[in-house]
Amino acid sequence: MPASSPADPLSYAALKARHRAERDSFDPGLNLRVHRALSWLDRASQLTAQDDTDGQVIFLWIAFNAAYATDIDDRALLSEQDSFRAFISALLSLDARERHLERLVWTEFPGSIRLLLDNRYVFPPFWEFQKGLLSEAAWEKAFEEARATAHRSLGDGNTERVLAIVLSRVYTLRNQLVHGGATWNGSVNRDQVRDAARFLARFVPLTLSLMMDHPRKSWSSPAYPVVS
């Protein structure tokens, strides 16, 4: 996770100071989301000096979860990935004028994003093949089709689709780590963990900044309210 300078408006310190200064004007749902997300962003930031990229990915994803997650009934049709895709669409709509997210994708992280999109270890059908649920030919065909879709999106400048695909791949990595499917600091998955940590370390703070930029938007109540 790259270090942030004190002058960086997306550093934890800057976002925390901004939240303290503006939170009285936020509705309770937004205030709680940002407060919780910042706490996990802070913890992820503390792991930079320890070079703990596994921990950074986990804590940064929790911060993202705190920002977007809603209370989805088990019977609802939306999956978690559908939920964060809808959230990305809303963020891009709010960011239509400033285009911070576009710059993140096309200027700051095009290399890391391409590496994640081309990495088979964060592609779910690859693991279905490893478990004997898919043939080698089937997963390879699915991978090539997914890569073609991703690269078309890159070529078309489709920020929303690229972000959705990238976060879907990071979500696979998140599942692998959280469910004990990898060794901490293992050499096998270093590339994808490193690239995911770098991307999330800028995407999550930008997400929180955009949310605070638009306090009048109806940010729903978090799934788990504060219990007094």
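Based on the mean of other beta carbon atoms within 10 Å per residue, what is the order of 194-206, 147-159, most packed first?
Details: 194-206: 23.7, 147-159: 14.4.
Put in order of decreasing packing, that is 194-206, 147-159.
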> Using the Cβ atoms and a cut-off under 12 Å, what net charge is assigned to the surroundings of Arg198, where Lys and Arg are +1 and Asp and Glu are -1?
Replying inline: -1
> Taking the alpha-carbon centroid of each part, what is the distance from region 174-196 to region 96-116 in angstrom?
Replying inline: 23 Å
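Work through the residues other than Ala90 whose Cβ is under 12 Å from its Cβ and net out their charges, Lys, Arg +1 and Asp, Glu -1. Walk me through the intermediate numbers first.
Numbers: positive: Arg85, Lys217; negative: Asp95, Glu160.
Local charge sum for Ala90: 0.
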> What is the fewest-to-most order of Trp61, Trp127 by other Cβ atoms lying within 10 Å of their Cβ?
Replying inline: Trp127, Trp61
>> So for the chain, averaging the separation of alpha carbon pairs under 8 Å that are six or more residues apart and normalising by length, what relative contact order in percent results?
In response: 35 percent
>> Between Ala13 and Arg114, what is 0.36 nm times their sequence separation minus the Cα-Cα distance? Round to one decimal in nm.
In response: 33.4 nm
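Take the Cβ-Cβ distance between Val227 and Ala21 as r, set R0 to 30 Å, and report the resulting FRET efficiency rounded to the nearest 0.05. Write down the numbers at each step before the final one.
Working: r = 27 Å, r/R0 = 0.90.
After rounding to 0.05, the efficiency reads 0.65.
Contour minus end-to-end for Ser220 and Asn175, with contour as 0.36 nm per residue of separation and end-to-end as the Cα-Cα distance? Don't jump to the answer; show the numbers that get you there.
Values: separation 45, 0.36 × 45 = 16.20 nm, distance 2.52 nm.
Stretched out fully, the Ser220 to Asn175 stretch lengthens by 13.7 nm.
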>> Apply the Karplus curve 6.51 cos²θ - 1.76 cosθ + 1.60, θ = phi - 60°, to the phi angles in region 26-34 and return the couplings in whole Hz, x for Gly and Pro.
In response: 8, 6, x, x, 5, 4, 5, 4, 5
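Coordinate-derived values only; no laboratory data. Note that this is a predicted model, so its numbers are computed, not measured. With ideal geometry, Cβ positions are generated from the backbone for all residues, glycine too; neighbour counts draw on all protein chains shown.
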